[in-house]
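Asker: This is the structure, below, for whatever I ask next.
The numbers here are math on the coordinates, done by the rules we state, and not lab data. Everything numeric here is computed off the predicted structure, so don't read it as measured data. Note: ideal-geometry Cβ built from the backbone for every residue, glycine included; neighbour counts use all protein chains shown.
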Amino acid sequence: MLDTLLPKSVSRPVVEAVQDFDPAAVNIPSGHYISGRLVPGDGPAIEVRRPSDGQAYADLPEAGETGVDVAVCDASTAQQQSGWGECPPRERGAVLRRWADLIMENRLELAQLEALGSTRCISEAYTGEVPFTAEAIRFFAECADKYSGDVLPTRSRSLGMLMPEPYGVVGAIAPWNFPLSMASWKCGPALAAGNAIVLKPSELTPFSTVRLAELALEAGLPPGIFNVVQGSGQVTGAALVRHPLVRKVSFTGSTQTGKSVMTDAAHHGMKPVTLELGGKSPQLVFNDAGDVDTVAQRITRGFMANAGQACVAGTRLIVQRGIAEALIAAVVRHARVVVPGVTWKANSRFAPLISQRQAEKVSAAVSNTVAAGAEVLCGGSFFDGFGGGFFYQPTVLIGLQAGMTALEEEVFGPVLTVQIFDDEEEGIALASHSVYGLAAGVHTMDIGQAMRATRRIAAGTVWINRYGRTTDFIVPTGGFNGSGIGKDLGRQAFEANLRHKSVLLDF
Ligand code: NAD
């Protein structure tokens, strides 16, 4: 599908190009990336492990306040002196398009780097994550010269204008679950709008974004406009949010961390924030949803993609009684046939959990819920035979009561809860969540029913008769309530990286 969208020069080579690779042979760009150079860190280092087998494969330098200060000050100077913020927006767009081309030219290398250290299997990294990253950057490149301010209807002898301008330095913080594409959703709009950016990737998946920054420089981005600082959230992330020259913060991560980022941003300069946070998204299936097996596949992909480590994972199946038995049986059937495998094997289709900590969290959520009375329809434990890697079986739970862990909390693993309802009112009530409002799926052939449910479910995105994002990057994504503030993607994400000056000129 994506091939039809890509220019010929960068269209995807045949999928057979994806082969097993040797994880020990991958070149790792270790260090911070500041002012166009890879800077080895000094000070404490964090051990980075491969999620597929738990082996330590690199040390990560950690930037403290001083290291972050260097990166942010360099970014600020570059933004003011390189002309990036003031050059014709079309020229900025051209650099970003070249960058996207280079990402595709280096697709295999990026995909291997991503697959080595994250939960993305090489086939998905190569056919999904890397091309999606390039396409998101191309989308924002197109925004660069297609947004204007406004001329305002003021008194006759005056001219009122709303003039957009970049913030200066944007501080961006990304999670580990889709390291490259999450970075592109932050960097694409910030750079297209003329800002410099300092990005802190997750300490669990830190390296692919450094290569992304190197390619940006090769594409013509002035040194210092895209910087990467490495380290933990509490040290490096907090120092970045608090730095006085960071004028806007763009964060993706958990709701818990989002609160602390918002608090820091308020106390250290009253900075605007874009917060893309957690979710506990419902999949509401009515009796007339259509072919049961098709719907079951949709539901299964919705909660199992990236082993459930997706913010929009549809982890609460809420199904009407008439279709419940057949649908649950089909979902369990599909969930049982997944093929887990280390991320560097071409035929691996089911990812590991990112870390031991995440594995313990998923396992505890399931066992607490079962101890509280829920029944396991499939899964409920780890796959055997993976040594130090944590591959959790797709798990379906039924017999849930309000308050049970797996029903209420974001588990971030391949765990689906099932609830059965009788009428529309009850189904919509079950779909709502007291904290989260990220995404929802509504499955019905009755357009009236679909739209009634859509209007009433508090979620930033509602998918009707599908589940999951597409390459339509014009569709913004973002959460309601505890799932966040503002949008990634879409024109809204671009506009959020500009501030607007009101100008009144008398003549
Ligand atoms: P996390 O909140 O633990 O960490 C996210 C990032 O924040 C990391 O880079 C981390 O180092 C940093 N961080 C941690 N503490 C910080 C602090 N005090 N100050 C500044 N930065 C800090 O999240 P995670 O475990 O990496 O990612 C999973 C979470 O991300 C899930 O909740 C998921 O739903 C969410 N997510 C949301 C979206 C979305 O679009 N809404 C997309 C992907 C992931």
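Asker: Go through segment 302-311 residue by residue and turn each phi into a ³J(HN,Hα) via Karplus (6.51, -1.76, 1.60, θ = phi - 60°); whole Hz please, and just put x for glycine and proline.
Answerer: x, 9, 9, 4, 6, 6, x, 8, 9, 4
Asker: Here is a follow-up. Express the C-alpha Rg of segment 308-418 as a ratio against the empirical globular expectation 2.2 N^0.38 Å, rounded to two decimals.
Answerer: Numbers: Rg = 13.9 Å, N = 111, 2.2 N^0.38 = 13.2 Å.
The value comes to 1.06.
Asker: 7 Å from Cα along Cα→Cβ at both VAL70 and ASP506: what's the point-to-point distance in nm?
Answerer: Placing both labels 7 Å beyond Cα along the Cβ direction yields 5.2 nm.
Asker: Measuring from centroid to centroid over Cα atoms, what is the spacing of segment 454-476 and segment 274-345 in Å?
Answerer: A separation of 15 Å, based on Cα centres.
Asker: While we're here: Rounded to the nearest 500, what is the chain's calculated 222 nm mean residue ellipticity when only DSSP H runs of at least 4 contribute -39500 (n - 2.57) each, over all residues?
Answerer: Rounded to the nearest 500, the figure is -10500 deg cm²/dmol.
Asker: What number comes out for the charge environment of THR477, summing +1 per Lys or Arg and -1 per Asp or Glu over other residues with Cβ under 15 Å away? Please report the intermediate quantities before stating the final value.
Answerer: Details: positive: LYS186, ARG466, ARG469, LYS487, ARG491; negative: GLU135, GLU276, ASP472, ASP488, GLU495.
It works out to a net charge of 0.
Asker: Here is a follow-up. Could you tell me the extents of segment 320-360's C-alpha atoms along the three principal axes, largest first, rounded to whole Å?
Answerer: 42, 26, 11
Asker: Another question, then. Taking only the Cα atoms of segment 282-472, how large is their convex hull per residue, in Å³? Could the numbers behind the result be given before it?
Answerer: Details: hull volume 23.0 nm³, N = 191.
Hull volume normalised by residue count: 120 Å³.
Asker: Just from the alpha-carbon atoms, what are the Rg and Dmax of segment 187-270 in angstroms?
Answerer: Rg and Dmax of segment 187-270, Cα atoms, are 13.1, 37 Å.
Asker: What percent do you get for the relative contact order of segment 244-385 when only Cα pairs under 8 Å and 6+ apart count? Don't skip to the answer; put the middle values down first.
Answerer: On the way: 152 pairs, mean separation 25.2, N = 142.
Over segment 244-385, the number comes to 18 percent.
Asker: With r defined as the distance between the Cβ atoms of GLN234 and ALA266 and R0 fixed at 22 Å, what FRET efficiency is calculated, to the nearest 0.05? Could you put the intermediate results ahead of the total?
Answerer: Values: r = 18 Å, r/R0 = 0.82.
About 0.75, to the nearest 0.05.
Asker: What's the center-to-center distance, using Cα atoms, between segment 39-55 and segment 399-425 in Å?
Answerer: 36 Å
Asker: From the square roots a ≥ b ≥ c of the eigenvalues of the alpha-carbon gyration tensor of segment 22-92, which class results: rounded (a/c under 1.5), prolate (a/b over b/c), or oblate?
Answerer: Note, shape of segment 22-92 comes out oblate.
Asker: I would also like to ask the following. Please give the charge dipole size of the chain, origin at the Cα centre, charges +1 on K and R Cβ atoms and -1 on D and E Cβ atoms. Round to the nearest 20 debye. Before the final figure, lay out the partial values.
Answerer: On the way: 43 positive and 50 negative charges, 192 e Å.
It comes to approximately 920 debye.
Asker: In addition: Tilt of helix 255-267 relative to the longest C-alpha principal axis of the chain, in degrees (0 to 90, nearest 10)?
Answerer: Tilt of helix 255-267: around 20 degrees.
Asker: Could you state the orientation-averaged shadow area of the convex hull built on the Cα atoms of the chain, in nm² to one decimal? Display every interim value, and only then the final one.
Answerer: Numbers: hull surface 99.4 nm².
Here the figure is 24.8 nm², rounded to one decimal.
Asker: Hey, can you grab everything whose amide H is under 5 Å from the amide H of LEU159? Only 5+ residues off in sequence or another chain; H modelled, so Pro and N-termini drop out.
Answerer: LEU505, ASP506, PHE507
Asker: Follow-up. Label ALA25 and ASP288 with points 7 Å out from Cα along Cα→Cβ: what is the distance between them in nm?
Answerer: Here the answer is 5.7 nm between the modelled labels.
Asker: For segment 266-365, just the Cα atoms, rotate onto the principal axes and tell me the three extents in Å, largest first.
Answerer: So the extents along the principal axes, rounded to whole Å, are 55, 35, 27.
Asker: How high is the relative contact order of segment 282-472, in percent, with contacts defined as C-alpha pairs under 8 Å that are six or more residues apart? Walk me through the numbers before you get to the answer.
Answerer: Numbers: 357 pairs, mean separation 53.9, N = 191.
Reported as a whole number, the value is 28 percent.
Asker: Right, next: Any idea what log10 I(q)/I(0) is at q = 0.27, 0.32 Å⁻¹ for segment 445-496, Debye with uniform C-alpha scatterers and no solvent?
Answerer: -1.09, -1.18
Asker: Between ARG333 and ALA429, what length comes free when the chain is fully extended (0.36 nm per residue of separation minus the Cα-Cα distance, one decimal in nm)? Before the final figure, lay out each step's value.
Answerer: Values: separation 96, 0.36 × 96 = 34.56 nm, distance 2.80 nm.
Full-extension gain reported as 31.8 nm.
Asker: Dividing the alpha-carbon Rg of segment 357-442 by 2.2 N^0.38 Å yields what? Each step should come with its number before you reach the end.
Answerer: On the way: Rg = 14.0 Å, N = 86, 2.2 N^0.38 = 12.0 Å.
Here the Cα radius of gyration is 1.17 times the empirical estimate.
Asker: Setting aside same-chain residues fewer than 8 positions from LYS501, which lysines have a Cα under 22 Å from its Cα?
Answerer: Reachable lysines: LYS146, LYS248, LYS271, LYS487.
Asker: What is the set of long-range amide H partners of GLY341 at a cut-off below 5 Å, with H atoms built 1.01 Å from backbone N?
Answerer: HN-HN under 5 Å from GLY341: ARG349, PHE350.
Asker: Return the distance in nm (one decimal) between the two label points of a simple spin-label model at GLU165 and LYS259, each offset 7 Å from Cα along Cα→Cβ.
Answerer: Going by the 7 Å Cα→Cβ label model, 3.7 nm.
Asker: Relative to the longest principal axis of the chain, what angle (0 to 90°, nearest 10) does the C-alpha long axis of helix 65-81 take?
Answerer: 60 degrees
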